[in-house]
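Before any comments, here is the structure.
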Amino acid sequence: MCNLYSMTKGQQAVRQLARALRDKTGNLPSFPGIFPDYSAPVVRNTPEGRELTMARWGMPSPAFALKGRNSDSGITNIRNVKSPHWRRWLGTENRCLVPFTSFSENEHLPDGRKPPVWFALDETRPLAFFAGIWTRWTSVRKVKEGETTNDLFGFLTTEPNKLVGAIHPQAMPVILTRPEEFDLWMDAAPDEALKLQRPLADDALVIVARGLKEDKASAPI
């Protein structure tokens with residue numbers, strides 16, 4: 001599962017590619033390493049059009065997963081979209097585009113180490129999007145914070161392509177690279193939009209770094 005990614009392009013590039021009409025992020029920094037429960041940019045639908053804003057990575061966990069726990073750090077990756085827990089957030093009002101420039105999966109080495117391996121569309125780390133969902137939710141994310149209300153997001157995963165599967169055979173993020181895919185995910189009925197839950201072609205990604213907790217190679221533009 002993808003629990004680390006980067007987004008090192010500037011907010012203007014994100015707005016232009018996603019055709020976001022509003023920007024609530026202020027002065028958006030570079031994000032060379034985004035971890036679970038961190039705040040990160042997403043593009044979501046609003047009645048006034050697409051909006052670039054910040055949300056916290058990790059959707060609410062199913063009730064069964066919270067038994068015996070006093071906090072919920074959230075679910076970052078969503079695979080089983082047939083589950084009633086996730087179906088409630090598959091309407092267009094809860095879909096979002098999650099901008100990224102690279103993402104990592106941990107490689108399991110014979111000596112027990114699990115270093116990150118970073119993937120991108122090519123060595124220049126072009127901007128693309130994960131197919132995401134979001135919601136506003138009140139819960140205890142961390143015990144020391146107490147109960148808080150947050151905008152939360154996660155993104156869909158699917159079976160891996162050959163390149164990612166060699167490192168992480170269970171899953172890879174659902175990646176959108178073309179404007180028609182962005183529009184389909186954001187605007188289409190759920191049955192049509194979910195046709196995007198498929199791996200990229202085997203040659204659509206390259207490995208751009210290994211063993212790093214951040215991918216700083218792509219400078220903001």
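The values are calculated or read from the model by the stated rules, or taken from the named source; none is laboratory data. Quick caveat, the model's predicted, so the values are computed rather than measured. Using ideal geometry, Cβ is built from the backbone for each residue, glycine included, and neighbour counts are taken over all protein chains shown.
Residue by residue through the range 1-14, note down the ones that are of a type outside the set (A, V, I, L, M), crowded, with 20+ Cβ neighbours inside 10 Å and at pLDDT 95 or above. Passing the criteria: Y5, S6, T8, K9. Within the range 1-43, can you find the residues that are of a type in the set (G, A, S) and at negative phi? Listed by number, the residues that qualify are S6, G10, A13, A18, A20, S30, G33, S39, A40. Regarding the range 18-26, can at least one residue be identified that is among the polar types (S, T, N, Q), buried (at least 20 other Cβ atoms within 10 Å of the Cβ) and part of a loop (DSSP other than H, G, I, E, B)? Within the range 18-26 (the criterion being among the polar types (S, T, N, Q), buried (at least 20 other Cβ atoms within 10 Å of the Cβ) and part of a loop (DSSP other than H, G, I, E, B)), the answer is no, since none of the residues qualifies. Checked against (1) small (G, A, S); (2) under 14 Å from the mean Cα position of the chain (by Cα); (3) over 10 Å from G154 (Cβ atoms), S61 meets all criteria but (2). Every listed requirement among (1) in contact with a strand residue (DSSP E or B) (Cβ under 7 Å, 6 or more places away or on another chain); (2) farther than 28 Å from H168 by Cα is met by F31 save one, (2). Pairs are defined by a Cβ separation below 7 Å, a sequence spacing of at least 6 or placement on different chains, a first member in the range 47-65 that is surrounded by 16 or more Cβ atoms within 10 Å (Cβ to Cβ), and a second member that is aromatic (F, W, Y); the pairs so defined are A55/W134; A55/F153; W57/Y38; W57/F153; M59/F153; P60/W137. What about A217, is it in contact with a Phe, Trp or Tyr (Cβ under 9 Å, 6 or more places away or on another chain) and either at positive phi or at pLDDT below 95 (or both)? The answer is yes for A217. Checking each residue in the range 77-134 for being more than 15 Å from the chain's Cα centre (by Cα) and charged (D, E, K, R) picks out K82, R87, R88, E93, E107, D111, R113, K114, D122, E123, R125. Does F103 satisfy the criteria of being of a type in the set (F, W, Y) and surrounded by fewer than 16 Cβ atoms within 10 Å (Cβ to Cβ)? Answer is no for this residue. Looking across the range 20-66, just one residue is aromatic (F, W, Y) and closer than 24 Å to P179 by Cβ, and that is F31. Screening L194 against (1) modelled with pLDDT of 95 or more; (2) touching a strand residue (DSSP E or B) at 6+ places or on another chain (Cβ under 6 Å) leaves a single unmet condition, (2). Residues that are assigned to a strand (DSSP E or B) and either under 16 Å from the mean Cα position of the chain (by Cα) or more than 25 Å from T8 (Cα to Cα) (or both) are absent from the range 187-209 altogether. Annotation: P29 fulfils all but one of (1) farther than 21 Å from V14 by Cβ; (2) of a type outside the set (D, E, K, R); (3) part of a loop (DSSP other than H, G, I, E, B); the unmet one is (1).
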